Amino acid sequence: MNQIAQTSAPQAEPPYLRGLNPPQREAVLTTDGPVLIIAGAGTGKTAALTARLAHLIFTKKAWPSEILSVTFTNKAAREMRERVGRLVGDAVEGMPWLGTFHAIAAKMLRRHAELVGLQSNFTILDTDDQLRLLKQLILAADIDEKRFPTRSLAGLIDQWKNKGLVPADIDAGESERYANGRGGELYQQYQARLIALNACDFGDLLLHMLVILKTHRDVLAQYQQRFKYIMVDEYQDTNSSQYLWLRLLAQERKNIACVGDDDQSIYSWRGAQVENILKFERDFPGAKVIRLEQNYRSTPHILGAASGVIANNGGRLGKQLWTERDVGEKVKVIGVWDGPEEARRVGEEIDIVRRSGKSLDEVAILVRAQHQTREFEDRFIAIGMPYKIVGGFRFYERAEIRDALAYLRVVNQPADDLAFERIVNVPKRGLGDKAVARIHQLARATGTPLTTAAARILDTDELTGAAKKSLGRLVGDIARWRDMATGLPHAELARQLLDESGYTAMYQAEKSVEATGRLENLSELVRAMEEYDSLGAFLEHVSLVMDNEGGAQDPQVTIMTIHAAKGLEYDTVFLVGWEEGLFPSQRSLDEGGVKSLEEERRLAYVAITRARRLAVIIHAANRRIYGQWNSSIPSRFVAELPPEHIDTETTMSGGASLWQANWSDRADPFADVARGTGRGPGWQRASGTGSTFSTKPARVVESRSSAISLGNKGRDDLSLGMRVFHQKFGYGAIAEIEGNKLEIDFEQSGRKRVMDSFVTIG
């Protein structure tokens, strides 16, 4: 009787299924065959992924050691392990194949290292070791490292490895990308040197295993049999090497479940290919596609705004996010006059949030580029608003800013030994530790600052050859910059100093995403200086800002880039700088055209969906770059926001008409990008003081890109004899033009040498 009662009693639902909605349950219970789980923002994909793992173990479909579960970050791997552990207990300890791509590939490679010429105890080089080794090869090949920087070669090799390319795969076209065709040769030498050292870099972990799986079928068969089930998180972020590795492992059983969202693929700059998720059904015919569309994070208005923007992308897998949450506030779209007003307005809005009793920990400001944080940092220091920078340093703590400030400090204060130490060999001048030690010895012996000792040591035989010559140039430059400081605006001095010292050229030569960001930060530093009366006043301001850390335990506003915000969420999110050229990024459009535009739009989608309750989008009508006010139009993404989900406010005259003139009346607002020019419509230069908007067609604002580069390219609208106006020296006529430097005969001040960006046509 008891036996009968026991068999007829309903089975209790496993704990891991409780609380899941129908699509999530389907993702958990569909275990066999290829499965693509399209998980929109905030739709509980981690809960579904965790429950799926628990289900495979709970139902004994596979032992924990027979499941390959791949994540992109160590944090995600730890969270997955902890969640599964709470559901299945100690069984999670038997999951050796749960981890990041690199961690799992390293574990495999140590088992088969000899197949690629390594020993199982190989060393994994960090970035510094990698750069040191590459530099040795560059010098041995008699290549000018200043012209062809080591970091450029390191970045290129990393790109090749992300694509799954070994040295034999590098053709002449690819090889031409470094040192006039020597890239492939150096890649081959680098790989041979790594083998000799019994070492590999991070890119090798996957590349070596890819080679092994392709060339040793027995090893491939071993892993294909071992892994009964494969699960992959954030599949939209996979690069070619990761994609090929996964496809090989899954080809036998085809029990692969990939979770991702094509609308959140925002990492192409580090090798990610959105095409991998888009072609999943082609790679695995008969794949089941499950869409997680119920959002648990945001209000309907926020989801409606984000969906309206992303709908303009082509080639999407498609989904429609919805939520049972209260409708909430509409997305605010605010137009302000300029950058400073943007920072003031955000500060005021956040103060309202704080006074309402909400925590500042639930407020975030998302920027497209790191240099945008400076204006907010300065404003928040001024009003006592606690903040933190996530995913990077505070503006004035960044290495390139500290270097630039050190140059300025040496000019402003000759006795600043710490500043001189920082810049004496930055960029590299061939002044090694021994040369610097001799300068220190003389300074101590004579009781003088390092700059004085450096000048004096040139009259001795303590230094010889290239070191003496380099130090002589630096000492002469510092003396000349100090003389210039008496008659040149300090912001203009800073730009000229950075150019003439070779500092900006150092980053221009790198041609990497990181180097471009550093140049943008230097551009913003020079712009910030324009707001202060003197160099001394600016440096004092910086000292006060860097000393103001606040209590780390107190609630703080979070400031970060949109890229850094992926995976995070906040009650209130401010999305700033939504203007053409800034967002979408003009540089991205110039380099990638329509493809880059679509990734920028995915960034906009990610940005909006970080907000739970309120999203505020702000665009400015003017941005000041090197003394020049440039008019801006709202980002095309603003025009794509569905009207029923937004409340629009503008604090400047003409804002609405400008928007309409440049977007609403165009039959094809993306025609310029589609033609491959990468330029959005409506780019205009401000006329006069920037107080009115021109409605006539105008040329593309080239000053935006040239200002960011801090290079020496001159303006094309200036000519000899032209009458111009300078804010400090007044009116004058151009006497000489040398790149971006001008000799001007001023009517009241005589002849002066100035930068072209500081004059307007008079």
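Brief remarks follow.
- Shape category assigned to the stretch 157-243 from the gyration tensor of Cα positions, a/c cut at 1.5: prolate
- Cα-based helix-to-principal-axis angle, 74-88 vs the chain, degrees rounded to 10: 20
- Fully extending the segment from ARG226 to GLN136 would add 28.2 nm, taking 0.36 nm per residue of separation and subtracting the current Cα-Cα distance.
- Taking the Cα centre of the stretch 482-628 as origin and assigning +1 to Lys and Arg Cβ atoms and -1 to Asp and Glu Cβ atoms, the resulting dipole is close to 600 debye.
- Theoretical gain in end-to-end length, VAL594 to LEU115 [0.36 nm per residue, Cα-Cα removed]: 168.2 nm
- Around ASP417: net Lys/Arg minus Asp/Glu count, Cβ-Cβ under 11 Å: +1
- For the set TRP629, TRP578, the ranking by accessible area, highest first and with no ligand, DNA or RNA atoms included, is TRP629, TRP578 under a 1.4 Å probe.
- Three-way shape label, the stretch 122-163, alpha-carbon gyration tensor, a/c 1.5: oblate
- Within-12-Å neighbourhood charge of ARG723 [Cβ basis; K, R +1; D, E -1]: -2
- At an R0 of 30 angstrom, the distance between the Cβ atoms of ALA735 and ARG482 translates into a FRET efficiency of 0.75.
- Rounded to 5, percent antiparallel among DSSP beta bridges of the chain: 30
- Residue-averaged [θ]222 nm for the chain, counting only DSSP H segments that reach four residues, each worth -39500 (n - 2.57): -13500 deg cm²/dmol
- To the nearest ten degrees, helix 45-58 and the longest principal axis of the Cα atoms of the chain are 40 degrees apart.
- Taking the longest Cα principal axis of the chain as reference, the axis of helix 300-310 is set at about 70 degrees.
- Gap separating the Cα centres of the stretch 420-448 and the stretch 76-134, nearest whole Å: 43
- For a label point 7 Å along the Cα-to-beta-carbon line of LYS146, residues of the stretch 489-532 with backbone N under 19 Å: 496-511
- Here the chain exposes an accessible surface that is 49 percent carbon and sulfur, computed with a 1.4 Å probe and the other protein chains kept in place.
- Global form of the stretch 244-326, assessed from the alpha-carbon gyration tensor, a/c cut-off 1.5: prolate
- Those residues of the stretch 280-295 whose amide nitrogen sits under 18 Å from the label point placed on ARG316, 7 Å along Cα→Cβ: 280, 290-295
- Taking 7 Å steps out from each Cα toward its Cβ at ALA437 and ARG247 produces label points 5.6 nm apart.
- If you plug the beta carbon distance of LEU458 and ARG193 into 1/(1 + (r/R0)^6) with R0 = 30 Å, you get a FRET efficiency near 0.15.
- In nm, spacing of pseudo-spin labels at ASN180 and THR59 (7 Å Cα→C-beta vector): 6.4
- Summarising the label geometry, the points placed 7 Å from Cα in the beta-carbon direction at GLN553 and GLN727 lie 4.4 nm from one another.
- Take the chain with all the other protein chains still there, run a 1.4 Å probe, and you get 43 Å² of accessible area per residue.
- Alpha-carbon radius of gyration plus Dmax, which is the widest Cα pair, for the chain in Å: 29.3, 112
- Look at the alpha carbon pairs under 8 Å that are at least 6 residues apart: their mean separation over the length of the chain gives a relative contact order of 14 percent.
- For the stretch 196-304, with +1 on Lys and Arg beta carbons and -1 on Asp and Glu, the positive-most of ALA221, VAL259, MET209 along the dipole: ALA221
- Applying the criteria of a DSSP loop state and at most 13 other Cβ atoms within 10 Å to the trypsin sites (Lys or Arg not before Pro) of the stretch 122-171 yields LYS146, ARG147.
The values are calculated or read from the model by the stated rules, or taken from the named source; none is laboratory data. All values reported here derive from a predicted model rather than from experimental measurement. Neighbour counts are summed over all protein chains in view; Cβ atoms, including those assigned to glycine, are modelled from backbone coordinates with ideal geometry. Only protein heavy atoms, including side chains, enter the accessible area calculation; ligands, DNA and RNA are left aside. Shrake-Rupley method; radii C 1.70, N 1.55, O 1.52, S 1.80 Å.
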